[in-house]
1. Among 163, 450, which comes first, then next, by fewest other beta-carbon atoms within 10 Å?
2. Rounded to the nearest 0.05, what FRET efficiency is calculated for residue 313 and residue 464 with R0 set to 45 Å and r the Cβ-Cβ distance?
3. Using alpha carbons only, how many angstrom separate the centre of the stretch 182-206 from the centre of the stretch 68-120?
4. Can you give the FRET efficiency for residue 281 and residue 15, using 1/(1 + (r/R0)^6), R0 = 56 Å, r = Cβ-Cβ distance, to the nearest 0.05?
5. Tell me the angle of helix 54-66 to the major Cα principal axis of the chain, expressed in degrees between 0 and 90 and rounded to the nearest ten.
6. Determine, for each peptide in 124-135, 143-154, 101-112, 68-79, the mean count of other beta carbons within 10 angstrom over its residues, then list the peptides with the highest first.
7. Can you pull a Stokes-Einstein diffusion coefficient for the stretch 8-96 at 25 °C (0.890 mPa s), Rh from Kirkwood over Cα pairs, as a whole number of µm²/s?
8. In what order do 443, 384 fall by count of nearby beta-carbon atoms within 10 Å, going from fewest to most?
């Protein structure tokens, strides 16, 4: 583990603030906190603190700031870019939010709820459901990720098309600043034009500007009608055309519009018990879900009407419409299992966004540069194409050593990111920057934007204690 660079008396002071049973100082118990879920990063820390209230967080941060001790805020530690893992220096402590996990308030008339940052996302969803309301943020790690982490990384997920990213689901925040001061802005207002919208500084900043401790969240009516369909397309170019038609014909009742290619389906059949629901082997698929809070909207009729239009103009070749919740869950399982399936084989994974209209051209150009740079590779493409986010993966060939693959593809990441930049896209659509993509942030952000980010960081955290060496 290495020796700590933090004086023992300071460590004892931090333990005293947290109180007995609210810290871990045994290396044997730290594994889940100092490693990321992909095994890319492993850090070192002498102490993991588990505060139980905001004032305790503030006292911990105040002491760390006075002694220039790095603080790594941590939610469920489910991130993919190393943003919640400490460095190997041993000079940083972890503040785990897992014990600040209460749902504090649900206002069904105002359609809001107030939660502590350590609430697991699935539990937030469940609390809203119990109150006959919907909290729409949904992603693969929802059974273990925490809402504070979701907000600090501006999580995306499958419902962005309808409800927006995590930051669009927030009305107010409580935040502990790097100097230990508490920003109490837990307002439940949809209109509040009183100067700078300070909460937006912390949403997506990955814990580099402060620690989110509580959040006031937006709720929505529960869907009363839902229809799910897997649609076979003649080409990738047909996908954005289908989306545009669906939005118009269905009255913009589309909640999700996910894309998968043939390689995805082949890998699902190879590694899982899932099978292609179509008798014919198609190359392109859209998983579409429509929802409405009204029971009389006739969503299935609207879907069938849109499909008829698209079949007539040649942009849809076949479709399966789920006849039950069980069948709908099976269709969604195809999409949800993809991240696990491609990890079995391994490869280079990209989290790219471009304008929806540019998605076919981006994938075509990215395929071209990948095939030129690494002729042995196979591309797998899936994602939230409805909001312009694609998870683009260059698979490692079976039997090829990982180290050899990484050496042979060392230039591919820059090539793919350059293609995204040509389409005014982003190298990180929803996974964030963390440690993994710091170089890319500096390279692809304009000098003015990057300098402004540095200015904000320095102004708010002059001692650079808050999640140091992440993002900027």
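1. Numbers: 163 19, 450 15.
Neighbour counts put them in this order, fewest first: 450, 163.
2. On the way: r = 56 Å, r/R0 = 1.25.
According to the calculation, E is roughly 0.20.
3. 17 Å
4. Using R0 = 56 Å, I get an efficiency of 0.40.
5. Orientation of helix 54-66: about 60 degrees from the principal axis.
6. Details: 124-135: 17.5, 143-154: 25.3, 101-112: 15.2, 68-79: 23.7.
Most protected by this proxy first, the peptides run 143-154, 68-79, 124-135, 101-112.
7. Working: Rh = 13.1 Å.
Result for D is 188 µm²/s.
8. Details: 443 14, 384 23.
By the 10 Å Cβ count, ascending, the order reads 443, 384.
Each value in this text was obtained by applying a stated rule to the coordinates, not by laboratory testing. On a predicted model such as this, the values are computed, not experimentally measured, just so you know. Cβ sites come from the backbone with ideal geometry, for glycine too, and all protein chains shown count toward neighbours.
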